[in-house]
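Working notes, beginning with the structure itself.
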Amino acid sequence: MAQDQHSPWVDGLTIGEVLAATARRCARSDAVVFPKIGVRWNWEEFARRVDDAARGLLGIGIRKGEHVAIWATNVPEWVVLQFATARIGAVLVTINPAYRPFELRYVLRQSDAVALFLVDQFRSSDYFAMLNEICPALAGSVPGTLHCEEFPRLRSVVAIKGRDLPGSLTWQQVLECGAGATLDDLPGGMGPGEAINIQYTSGTTGFPKAATLSHRNLLLNAFYVGACQGMSESDRICIPVPFYHCFGCVLGTLCSAVYGAAMVVPGEYFQPTDTLAAIEAERATVIYGVPTMFISELEDATFAQRDLRSLRTGIMAGAPCPIEIMRQVIDRMGARELTIAYGQTEASPVVTQTRTDDPLELRVETVGRPLPGLETKIIDPITGATLGDNQQGEFCSRGHVVMLGYYNNPEETAATIDTDGWLHSGDLGVRLNNGYYKITGRLKDMVIRGGENIYPREIEEFLFTHPAVQQISVVGIPDPKYGEELCAWIKLKKGVAVTEDEIRQFCRQKLAHYKVPKVVRFVDAFPQTVTGKIQKFKIREQMIQELQLKVQATA
């Protein structure tokens with residue numbers, strides 16, 4: 001039976017306590033299933049593996065409050081480490097698997113991570129080579145005793161899987177280090193309000209910002225998001241979204257732990273065929289994804305032959321949800337109770353969500369109403385005055401979702417959370433008369449590509465390091481597959497020649513693949529405007545007009 005969303009049993013508990021309670025209640029039920037690699041653990045076994053890993057962390061010297069980074073795809077060890085760090089009160093720092101050395105260096109330094117867990121590779125990315133590039137001292141160090149001037153706090157590197165990495169420990173060695181440790185000796189005073197997770201968001205100032213979240217932030221979000229879907233221990237959640245993001249490790253793994261539902265993970269990264277196969281074979285009742293994922297599943301060559309009748313509900317989020325795609329997911333995939341969720345990493349992440357029994361028009365035209373226990377409002381972005389219904393302004397929220405702050409960044413924290421505790425989203429929205437919200441645009445300079453939030457300032461500052469670039473502006477332009485793509489307008493220095501491909505290749509060497517501009521336009525001059533925002537608007541409008549002309553020419 002689904003639990004009452006107004007009585008969150010998890011409130012006042014830590015993640016470790018919630019896992020222990022669920023393992024007792026649902027001991028023999030499936031907890032973690034990776035069908036592609038034959039992993040299937042029930043809740044009792046999963047809790048035991050978490051405790052073994054927690055002892056291993058203690059054995060290699062990790063203590064409460066220290067930061068443990070993970071740079072990996074969706075592998076079983078990721079989930080174990082998430083709960084093991086929470087078990088001992090360490091803070092898990094999640095790193096985007098698409099990051100390049102330039103971004104990895106910043107995150108490891110800024111987060112004060114004392115340990116890094118990583119896989120050997122992801123698609124064409126060689127993680128070990130990238131780590132050795134920024135930390136050459138690793139290769140000559142004794143495992144567990146790393147001394148690196150660039151990362152003074154980093155003591156241990158752990159290779160989760162793959163080939164040997166000189167200077168690192170293996171996952172098995174970490175487990176063996178816990179042989180003499182006991183969880184009974186954990187320091188007391190671990191509370192639900194303490195930091196447990198750091199999630200990096202692309203930064204308006206050119207660098208990612210470290211949103212710091214607590215046990216209570218995450219558990220209440222998982223509880224209420226599950227309640228909005230009518231979740232129970234009979235559900236099986238298909239999680240093709242990445243663990244490093246809140247979508248995967250809060251709405252996915254933690255929601256499973258709160259409700260005793262099985263987490264079904266199709267593979268290390270999203271592939272539509274694997275996702276459909278997992279839904280069918282494991283009789284998944286819940287499916288998560290951003291719109292581009294659902295589009296890929298609907299268009300997959302194997303879709304027509306799949307039996308997806310087990311599907312009931314799920315979440316589409318991360319980007320504006322096209323009405324037609326929502327209808328197809330309901331009608332063709334059978335997720336008749338699919339919900340739409342809206343939020344941001346700084347809000348743990350969901351703030352509003354539709355409910356399973358909402359009329360279809362509300363589920364395709366709004367982002368729902370606030371989760372229980374939250375305050376929300378629309379304000380005038382200039383005066384800060386609260387606006388009435390049907391008036392567009394900035395969406396703000398207050399309550400249990402609001403992050404503790406940006407780690408080691410009080411200035412940005414103060415700019416995002418005001419003195420009254422309101423979290424300013426930077427998104428424009430409208431509150432309808434019925435209490436539901438629509439998101440109508442963005443106040444902040446941000447592009448959403450396939451569910452990934454990208455701040456153009458970060459890419460602009462990087463491209464300014466190219467010796468040929470004199471002036472640069474990066475904007476988002478419409479794209480039928482990803483919702484938006486990046487377009488870089490570049491004015492070159494006099495007498496310098498460079499090609500579009502050379503600019504893209506320069507970006508690929510240092511930036512995550514989704515931050516590489518799809519369109520590169522060399523121009524002689526930029527629009528003359530009063531502000532940079534208006535300049536970007538004019539550039540974007542010109543690009544949209546050009547795209548429309550191309551479509552008309554090929555029609």
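When you go through Pro291, Pro266 one by one, which is the residue that is within 27 Å of Arg442 (Cβ to Cβ) and surrounded by 20 or more Cβ atoms within 10 Å (Cβ to Cβ)? First the steps, then the outcome.
Numbers: Pro266 fails: within 27 Å of Arg442 (Cβ to Cβ).
None of the others qualify; the one that does is Pro291.
Any residue in the stretch 464-481 that is closer than 10 Å to Arg540 by Cβ sitting within a Cβ distance under 7 Å of a residue that is in a loop (DSSP other than H, G, I, E, B)? List the pairs, counting only those 6 or more apart or interchain.
Short answer, once both residue conditions are applied: Ser473/Phe526.
Only one of Ala113, Ala129 is touching a residue at least 40 places away in the same chain (Cβ under 8 Å) and hydrophobic (A, V, I, L, M, F, W, C); which? Even if it seems obvious, please write down each step before you answer.
Values: Ala129 fails: touching a residue at least 40 places away in the same chain (Cβ under 8 Å).
None of the other options fit; the residue is Ala113.
Which of (1) farther than 30 Å from Phe506 by Cα; (2) buried (at least 21 other Cβ atoms within 10 Å of the Cβ) does Arg25 not meet, given it meets every other one?
The failed condition is (2).
So for the stretch 486-508 (the condition being more than 22 Å from Phe294 (Cα to Cα), under 29 Å from the mean Cα position of the chain (by Cα) and in a loop (DSSP other than H, G, I, E, B)), does at least one residue qualify?
So far as the stretch 486-508 goes, no, none of its residues is more than 22 Å from Phe294 (Cα to Cα), under 29 Å from the mean Cα position of the chain (by Cα) and in a loop (DSSP other than H, G, I, E, B).
With the requirement that a residue be crowded, with 22+ Cβ neighbours inside 10 Å and part of a loop (DSSP other than H, G, I, E, B), what does the stretch 295-321 give you?
Leu311, Ala317, Gly318, Cys321
Can you name the number of the only condition in (1) of a type in the set (S, T, N, Q); (2) under 23 Å from the mean Cα position of the chain (by Cα); (3) surrounded by fewer than 17 Cβ atoms within 10 Å (Cβ to Cβ) that Ser425 fails?
Failed condition: (3).
Quick check on my filter: what residues within the stretch 439-461 are out of contact with any helix residue (DSSP H, G or I) (no Cβ under 6 Å at 6 or more places or on another chain), assigned to a strand (DSSP E or B) and charged (D, E, K, R)?
Once the filter is applied, which keeps residues that are out of contact with any helix residue (DSSP H, G or I) (no Cβ under 6 Å at 6 or more places or on another chain), assigned to a strand (DSSP E or B) and charged (D, E, K, R), the stretch 439-461 yields only Arg442.
For the stretch 1-22, enumerate the residues that are at pLDDT 95 or above, surrounded by fewer than 18 Cβ atoms within 10 Å (Cβ to Cβ) and in a loop (DSSP other than H, G, I, E, B).
The answer is Trp9, Asp11, Gly12.
Check Pro517, Pro527 and return the single one that is at pLDDT below 90 and surrounded by 13 or more Cβ atoms within 10 Å (Cβ to Cβ). So that I can check it myself, show each step before the final result.
Working: Pro517 fails: at pLDDT below 90.
So the residue among Pro517, Pro527 that is at pLDDT below 90 and surrounded by 13 or more Cβ atoms within 10 Å (Cβ to Cβ) is Pro527.
Where residues in the stretch 227-263 are free of Cβ contacts under 8 Å to residues at least 40 places away in the same chain and farther than 28 Å from Ser125 by Cβ, which of them is surrounded by the most Cβ atoms within 10 Å (Cβ to Cβ)? If you could, list the steps in order and put the result at the bottom.
Step one: filter the stretch 227-263 for residues free of Cβ contacts under 8 Å to residues at least 40 places away in the same chain, giving 252, 255, 261.
Add one more test, that the residue is farther than 28 Å from Ser125 by Cβ, and what stays is 255, 261.
Numbers: Cys255: 29, Ala261: 26.
Only one residue tops the list, namely Cys255.
State the number of residues belonging to the stretch 491-516 that are over 25 Å from Ala98 (Cα atoms) and charged (D, E, K, R). Steps first, answer last, please.
Restricting attention to the stretch 491-516, the residues satisfying the condition of being over 25 Å from Ala98 (Cα atoms) are 491-498.
Of the ones still in play, those that are also charged (D, E, K, R) are 491, 493-494.
Qualifying residue count for the region: 3.
From the list Tyr288, Tyr244, which one is in a loop (DSSP other than H, G, I, E, B), among the hydroxyl-bearing types (Ser, Thr, Tyr) and out of contact with any Asp or Glu (no Cβ under 8 Å at 6 or more places or on another chain)? Write out each step before concluding.
Details: Tyr288 fails: in a loop (DSSP other than H, G, I, E, B).
Sole residue among the options that is in a loop (DSSP other than H, G, I, E, B), among the hydroxyl-bearing types (Ser, Thr, Tyr) and out of contact with any Asp or Glu (no Cβ under 8 Å at 6 or more places or on another chain): Tyr244.
The values are calculated or read from the model by the stated rules, or taken from the named source; none is laboratory data. The shown structure was predicted, so the numbers you read here are calculated from the model rather than taken from an experiment. We place every Cβ from the backbone using ideal geometry, glycine too, and count neighbours over all the protein chains shown.
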